[in-house]
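Please treat every number below as a calculation from the coordinates, not as lab data. The structure displayed is predicted, hence computed values, not measured ones. Here Cβ is always computed from backbone atoms with ideal geometry, including for glycine, and neighbour counts include all displayed protein chains.
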Amino acid sequence: MRAVITVIGKDTVGILAKVSTVCAENGVNVMDVTQSILQGMFAMIMMVDISGCTVPFSELSDKLTDLGDSMGLRIHVMHEDIFNSMHRI
């Protein structure tokens, strides 16, 4: 099973490292990352494998939301099935 993590906010040092750390601490494998900095704004999309996640999906989402709040970022986690359903034409 996979999920999509999006991160948006003011660019600061360590965003990728901190999001990746939360993933690793909870058994989530980062499969692919794309990121850009647009006029000082950081935007990142991560595709992650949650099949080995050691906590419920809702808890992982809460942890990443809390991290985002502490860093002044908006971090959102969406299960791949929901993402695909929302973006199907």
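Test of understanding: extend the Cα→C-beta vector of Val13 to 7 Å, then name every residue of region 34-63 with backbone N under 18 Å from that spot. From region 34-63, the list is 40-42. Karplus-derived 3J(HN,Hα) values for region 13-24, using 6.51 cos²θ - 1.76 cosθ + 1.60 with θ = phi - 60°, are 5, x, 4, 4, 4, 6, 5, 4, 5, 4, 4, 4 Hz; glycine and proline are entered as x. Among Arg2, Arg74, the order by Cβ neighbours within 10 angstrom, fewest to most, reads Arg74, Arg2. Taking 10 °C and 1.306 mPa s as conditions, the chain diffuses translationally at an estimated 121 µm²/s according to Stokes-Einstein applied to its Kirkwood radius (Cα pairs).
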